[in-house]
Each structure stands twice: as structure tokens, then as C-alpha cells.
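The values are calculated or read from the model by the stated rules, or taken from the named source; none is laboratory data. Treat the numbers as computed from the prediction; the structure is a model and nothing was measured. Methodologically, a virtual Cβ is constructed for each residue, glycine included, from the backbone with ideal geometry; neighbour enumeration extends over all protein chains shown. Keep in mind that these areas ignore ligands, DNA and RNA; they rest on the heavy atoms of the full protein, side chains included. Shrake-Rupley method; radii C 1.70, N 1.55, O 1.52, S 1.80 Å.
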Amino acid sequence: MIDFELSDGLKNYSNMLHMLAEQAMRPISREYDEREHEKPWDFINMMWNVSGSASMTGGDNREAGKDDKKGKGTSERNLAMCVTVEELAWGDAGLYLSIPNAGLGGAAVAAAGTAEQKQRFLARFSEGKPKWGAMAITEPACGSDSSAIQTTAVKDGDQWVLNGNKIFCTSGHMALEKSEGFVVVWATLDRSAGRAGIRAFVVEAGTAGMHVVKLEKKLGIRVSDTAAIVFEDCRIPLDNILGSAEIPKTSQGFKGAMATFDATRPIVAASGLGVARAALAFVKQTLDEKGVVLRYGVPPHKLTVLERDVMEMEAQLQAARLLTWRAAWQMDNGIQNSLEASMAKAKSGLVVTWITQKAVELLGPLGYSRQLLLEKWMRDAKITDIYEGTQQINQLIIARRILDYSSKALS
């Protein structure tokens, strides 16, 4: 079982990333929040060169992926990813999301693709110029209910023809118009089949019939692009489908596509942890500079309200981190983690939202001002509660898993 102790290699890697986040991300954090959608190309190129691959944001980690300190040979890939993302989001969540990597699209290929597809689509992220991957699920008339997808995929000879509209696609613009990346598009083979007809398709940059039509203006993570994409008779090869094209009588194919989130939800949770940790650390540093001493070990009824608030912030952050690490550890050890992945995502969303709001509150008008990054962290925090499944959706998933209810029985 996980012992909550990171390996020495992973600790060293985490420390290296922390220095990188502090020196390369924090200094430009405010600037690129103000200049929404403008990309810090010096930073992007540096990160691409430093990583040498997608290792910092979505690929194999050369340092952290080694055998653990106990010599058991247990993979740490997903745990390493969570530690990596927490440090980068501590630096700046929007900048982290702008780092070239295979992204959610790469996670989908890794989870559901064949060996040939993984080689064909993911190998590009270790060579050449910076590249991005993305995933397109949400539609104008389909939000949290992915089974209601209207985008269609119709077989025509040796090609699939996609038609439909997608919105809120993270890094969609960078994947399709600024690099030789790709987007994984969720579409239905047969609307009458419901969930059973949903599949994921890889659409590469430069494919005719695919257009980025809008970039969203957002509350937070403003340097990261969020795109709306239109597919009009967009033709892709038959072997760009992830999984079988056969439509079973059950929703097994849809469940296979949804399994992508078992890997990505802990990563999203980790990004929230980084933002929450940044806000909490700043509050504690400010209190220390003001001569305020936090009295650990004192009975709760003797603590000040301020002390109780800070200690509760610390406890909630640690609880969310342990849930996240557990979900990642299970993934690394081949243990089903659908329940734990949703628990980590839901807890992290609640915690980062509460901690950043509390941090702003504790520092009063100064915390609310643009003089500090606290107000930015509060804005960046909220997306953790929304994307990769909203708070409500993840709580539904948790309830269904615990009670062993179907989506029809509990919705």
C-alpha cells in the first residue's frame, strides 16, 4: 500500500520543478494574465527544450519514473505527474496549461489507443518544434452529459466524416493552428444508440473541414487558450478511431472512452493543489512577517479564529493531496481508480476554491487588490471545480460507485 512517502528521485525532481516555477513562471504570471491569449514564447520554447519531450506535462518522466526507493520496481509515472503538475501550477496554472504537451488528447490516446496509434500520435511530442494535444467533448447543447453528444462520425469508404460543433476546448487553438498537434474529438456513430454509440477520434492539425472559430475570454487561467471548433465534412482516416467501431448493445464503448478521466482527473486535482498551496503559503509568509505566530499543539478552544482558519486550510489541503496521490498510486499499480479519481477531483475543487477565497478574505483589501497575486489565484482556482467533470458530476459518480447504482438509477 502507498506509504505517503515520495521516493528520493521524485523529491529531487519536485525541488527542481519548484525552482523552475519560482524563477521562470512567477515573474511573468501577472503580465500574461493581463495579456490574455498572448503566448510567452520564450517561456514556451524554454520548457519544450528543458523537457526534451512531454515528460513535464504528460509523458514518461525520466527521473521520477524509476524504481521506487524500496526496490520494488513500482512505477511512479502517474504519481510523478501529479507532483509535477502541482509544482507547475504553484508557479502559474495558466502558464502550466500553456506548456507544449500531449494534454488531454494524449491522455485519451494513451488510455484507449492501440500500440500503433500511440506511436503515431505521441512520438511527435519528443521531436521538432513545440506541439500541443487537446480534447474536444463539450458542445453548445451538451455540457456535463457527454452521452448527449450531437457531433456525428459517419463512415464513408476508407474515411470517417465528422460534422458538429465543439466548445471549451483547452489548447485547441495551439494544437490545431499553432503546431503540428491534434485534437481528440468525441462523436457519435449512431445517435439512437445513446452512450453505446460514442467514440473518440483523432483529428490532426491541418485537416480540411476543421476550423477554430473562437477563443473564449475567461475569469482565470487567461494565458491558456480555450477554443470553439467547427467540423464541417471533416475527413479523417478510418484507423484514427480510438477503440472499436462496432456498436455493442451495452455502453461498454462509452465506458472505455470515459476511462480517460480516471487518468486525467487526478492530474487536474493536482493543479488545484498547486494553486491552493501558493495562496496558503503566501498567507503564512505574510503572517510571519507581521509577527503573527501560529500556535500548533494548543487546544482548539484556545486558538484564535485566524489560527483555526489557517490550520483548517492546511488540513484540507493535505486531505486533498492524499486523495490525489492515492488515485495516482492506484493507476500506477493497475488498480481500478474511477471512484478515487472522482473523489480527488471533487475534493480538490472544493478545497482550492475555499482556500483561495479564505486567503483573500484574511488579507482583506490588500488581498482583494491587484497588487498581489492572491486575487489571481482565486480566479484561477474556480476552473478546478468545473472542467474534467463539474463538482456535481463527480459527486454523482462517487455516489453511483459507492451505492453501485447505474446512471439511470441515480442522476
ALA21 - would you say it is modelled with pLDDT of 80 or more, under 20 Å from LEU97 (Cα atoms) and in contact with a Phe, Trp or Tyr (Cβ under 7 Å, 6 or more places away or on another chain)?
yes
What are the residue pairs meeting all of these: first residue in region 309-320, first residue farther than 17 Å from VAL83 by Cα, second residue of a type in the set (Phe, Trp, Tyr), Cβ atoms under 9 Å, and 6 or more apart or on different chains?
MET311/TYR296; MET313/TRP354; GLN316/TRP354
Applying the selection to region 364-407, what residues are assigned to a helix (DSSP H, G or I), polar (S, T, N, Q) and surrounded by 14 or more Cβ atoms within 10 Å (Cβ to Cβ)?
THR384, GLN391, ASN394, GLN395
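So that you can scan it fast, the table gives a plain yes or no per residue for (1) polar (S, T, N, Q); (2) modelled with pLDDT of 95 or more:
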| residue | (1), (2) |
| --- | --- |
| GLU340 | no, yes |
| THR353 | yes, yes |
| LYS358 | no, yes |
| LEU410 | no, no |
Residues being part of a helix (DSSP H, G or I) and open to solvent by 20 Å² or more (accessible area, probe 1.4 Å) - total across region 98-142:
15
Of ALA259, ALA263, ALA245, ALA281, the only residue that is of a type outside the set (D, E, K, R), in contact with a helix residue (DSSP H, G or I) (Cβ under 9 Å, 6 or more places away or on another chain) and modelled with pLDDT of 95 or more is ALA281
Can you go through LEU306, LEU273, LEU323 and tell me which one is of a type outside the set (Asp, Glu), more than 22 Å from PHE4 (Cβ to Cβ) and in a helix (DSSP H, G or I)?
LEU306
All positions within region 144-153 that are open to solvent by 20 Å² or more (accessible area, probe 1.4 Å) and in contact (Cβ under 8 Å) with a residue 24 or more places away in the chain
SER144, SER147, GLN150, THR152
Out of the residues in region 165-198 that are open to solvent by 20 Å² or more (accessible area, probe 1.4 Å) and part of a strand (DSSP E or B), which is nearest to ALA107 (Cα to Cα)?
THR170
Among the residues that make up region 53-69, is at least one of them open to solvent by 30 Å² or more (accessible area, probe 1.4 Å), in contact with a Leu (Cβ under 6 Å, 6 or more places away or on another chain), at pLDDT below 95 and small (Gly, Ala, Ser)?
no
Working only within region 284-335, note down all residues that are in contact with a helix residue (DSSP H, G or I) (Cβ under 7 Å, 6 or more places away or on another chain), within 23 Å of SER271 (Cα to Cα), surrounded by fewer than 21 Cβ atoms within 10 Å (Cβ to Cβ) and modelled with pLDDT under 95.
ASP332
